[in-house]
Protein chains: 2
Amino acid sequence: MKIEIIGRGNVASHLAKALSTKATVATVNPHTLEGLNLQADLYILSVSDSAIREVAEKLASILGKNMAPVVHTSGTTGLDALKAINGRRGVFYPLQTFSKDFDLDYSEIPIFVEGSDPYTTDLLKETAELMTKHVYEADSDKRRSLHIASVMSCNFVNHLYALSKQYLESHDLPFEALHPLIRETVRKACSNDPAKVQTGPAARRDMLTINNHLSMLKDDENLKEIYEVLTNSILNVYEWHII
Amino acid sequence: MKIEIIGRGNVASHLAKALSTKATVATVNPHTLEGLNLQADLYILSVSDSAIREVAEKLASILGKNMAPVVHTSGTTGLDALKAINGRRGVFYPLQTFSKDFDLDYSEIPIFVEGSDPYTTDLLKETAELMTKHVYEADSDKRRSLHIASVMSCNFVNHLYALSKQYLESHDLPFEALHPLIRETVRKACSNDPAKVQTGPAARRDMLTINNHLSMLKDDENLKEIYEVLTNSILNVYEWHII
């Protein structure tokens, strides 16, 4: 299989690395498209969301009516961003944050694929299976749901860490002291159903501790609101309310 | 050093295991106190928070005026729960969740100590250093702040995982697909300042995506409120508001 990866960013270079042992992979500069192989089996457009349409138009003018699918790698962009493409289109979305300087185990990365037609969907599945065993079909709606869930489980979680660090440091305590507990929480949640390993004052309906915490947070409206909303949400699981 | 650990729970047995290669450790049934060594150097009371006072009273009646410190292991209980003790008192608080069936690397666990006097504080530091390099002094106020931070970074985080799992499954998607991203988020947050590696729609002020997400969540008041509060909190870091 011959794959052309159009892009120069982190996702493009990680995809090239992950696929290069299993397929013939070339990377192409998205600004010039210089050296593009017109006989490839698959074109993966890995550029920023806002550049997809423009690069797709440029690509379409070179490829003409293409038989080989053209796909993008964005989780938040629909298939219609590739409407300039006069042929098969798709999405090849790896759900991971790619850092330049950190090696990832590609076989653990889930890849979500969508094709404009069955041939494309199958080709994308086969391509994804070259690098990982976690391959799923997902249309735009499902990718949007995934995105919301990753905002909750990653962006919001990271923000809670940032707030905890700030809070601890304002009390002369190091955030590092929480690292082992943070890691153990994640290990437990990813090897069980997280709802079943929920601990803490709200899960055990410890209203005394909850009210103590709220009074300790009374001068920090933001932390207090977050504490209340998440505590109520945990209590709701048990059909129980504090406020 | 001779250490008597009074308790039969997870914390008691993990502490006994962690200290047994470095000290002479015996564990004692908290109900009977049978076989208690009256010549020990340290008594660690590792029982449920609500049982500390009662067991301390029983212990005081056997020890009389003790020279060797008596300490409890609770993060949420003050030194005064040991007021029955006629002598040195303290707190020896390991910040970790202990499961029965999972081996932990004790050298990574932070231990927070407090003594009623300098002799006790020093003894507790030395004891903690037998099992870990992460030893801190923390009085009741600091332990309470630690507890709030661990509620935010562990209990609330686990709840966000539980909500994400429920949300994904209601959209026919597996929570497992998020595991690699969740693990990578934690790895990044614990090897950097989490505030500096914040990603997601709120961090990049992507109001279009935020409003799309809010409209997708419009039938789930609980998720919508959590999404709003945490998004606003991230935006606040940049002095920016949506709602």
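The values are calculated or read from the model by the stated rules, or taken from the named source; none is laboratory data. Every value quoted in this text rests on a predicted model; they were computed, and no experiment measured them. A quick note on method: Cβ atoms are made from the backbone with ideal geometry, for glycine too, and the neighbour counts reach across all protein chains shown. What goes into the accessible areas is simple: the full protein's heavy atoms, side chains included, and nothing from ligands, DNA or RNA. Shrake-Rupley method; radii C 1.70, N 1.55, O 1.52, S 1.80 Å.
B:LEU223 fails exactly one of the following numbered conditions: (1) more than 7 Å from chain A (Cβ to nearest Cβ); (2) open to solvent by less than 20 Å² (accessible area, probe 1.4 Å); (3) within 25 Å of the chain's Cα centre (by Cα). What is the number of that condition?
Every condition holds for B:LEU223 apart from (3).
Which is more than 30 Å from B:THR185 (Cβ to Cβ), open to solvent by less than 30 Å² (accessible area, probe 1.4 Å) and modelled with pLDDT of 95 or more, of A:THR127, A:THR120?
Result: A:THR120 is the single residue among A:THR127, A:THR120 that is more than 30 Å from B:THR185 (Cβ to Cβ), open to solvent by less than 30 Å² (accessible area, probe 1.4 Å) and modelled with pLDDT of 95 or more.
Looking at B:GLU169, B:GLU114 in this structure, which one is modelled with pLDDT of 95 or more, within 18 Å of the chain's Cα centre (by Cα) and open to solvent by 20 Å² or more (accessible area, probe 1.4 Å)?
Unique residue meeting the criteria: B:GLU114.
In region B:13-53, which residue that is β-branched (Val, Ile, Thr) and open to solvent by less than 20 Å² (accessible area, probe 1.4 Å) is nearest to B:MET131 (Cα to Cα)?
That would be B:ILE44.
Could you please find all residues in region A:115-142 being of a type in the set (Phe, Trp, Tyr) and over 22 Å from B:LEU178 (Cβ atoms)?
A:TYR119 - this is the single residue of region A:115-142 that is of a type in the set (Phe, Trp, Tyr) and over 22 Å from B:LEU178 (Cβ atoms).
Going by what's in this entry, would B:ALA177 be described as closer than 12 Å to A:SER145 by Cβ, facing another protein chain (nearest Cβ under 7 Å) and of a type outside the set (D, E, K, R)?
yes
State all residues of region B:196-213 that are farther than 22 Å from B:VAL186 by Cα and surrounded by fewer than 16 Cβ atoms within 10 Å (Cβ to Cβ); if no residue qualifies, say none.
Answer for region B:196-213, where residues must be farther than 22 Å from B:VAL186 by Cα and surrounded by fewer than 16 Cβ atoms within 10 Å (Cβ to Cβ): B:ARG205, B:ASP206, B:MET207, B:LEU208, B:ASN211.
Looking at region A:86-93, can you tell me whether even one residue there is in contact with a Pro (Cβ under 8 Å, 6 or more places away or on another chain) and closer than 21 Å to A:VAL151 by Cα?
No - not one qualifying residue is present in region A:86-93.
Could you grab the pairs with beta carbons closer than 6 Å, sequence gap of 6+ or different chains, first residue in region B:180-203 and at the interface with chain A (Cβ under 7 Å from one of its Cβ atoms), second one of a type in the set (A, V, I, L, M, F, W, C) and open to solvent by 40 Å² or more (accessible area, probe 1.4 Å)?
none
Quick one: in region B:112-135, of everything that is within 14 Å of chain A (Cβ to nearest Cβ) and of a type outside the set (D, E, K, R), which residue is nearest to A:LEU217 (Cα to Cα)?
Within region B:112-135, the match that is nearest to A:LEU217 (Cα to Cα) is B:PHE112.
Tell me whether region A:136-147 contains one or more residues that are under 18 Å from the mean Cα position of the chain (by Cα), more than 7 Å from every other protein chain (Cβ to nearest Cβ), free of Cβ contacts under 8 Å to residues at least 24 places away in the same chain and open to solvent by 10 Å² or more (accessible area, probe 1.4 Å).
yes
Which ones in region A:1-12 are more than 18 Å from the chain's Cα centre (by Cα) and buried (at least 18 other Cβ atoms within 10 Å of the Cβ)?
A:ILE3, A:GLU4, A:ILE5, A:ILE6, A:GLY7
Taking region A:1-15 as the region of interest, how many residues are assigned to a helix (DSSP H, G or I) and farther than 17 Å from A:VAL70 by Cβ?
3
Listed residues A:THR21, A:THR76; which is modelled with pLDDT under 95 and over 23 Å from the mean Cα position of the chain (by Cα)?
Checking each option against the conditions leaves just A:THR21.
Evaluate the following for A:GLU239: is it modelled with pLDDT of 95 or more and more than 9 Å from chain B (Cβ to nearest Cβ)?
So A:GLU239 fails the test.
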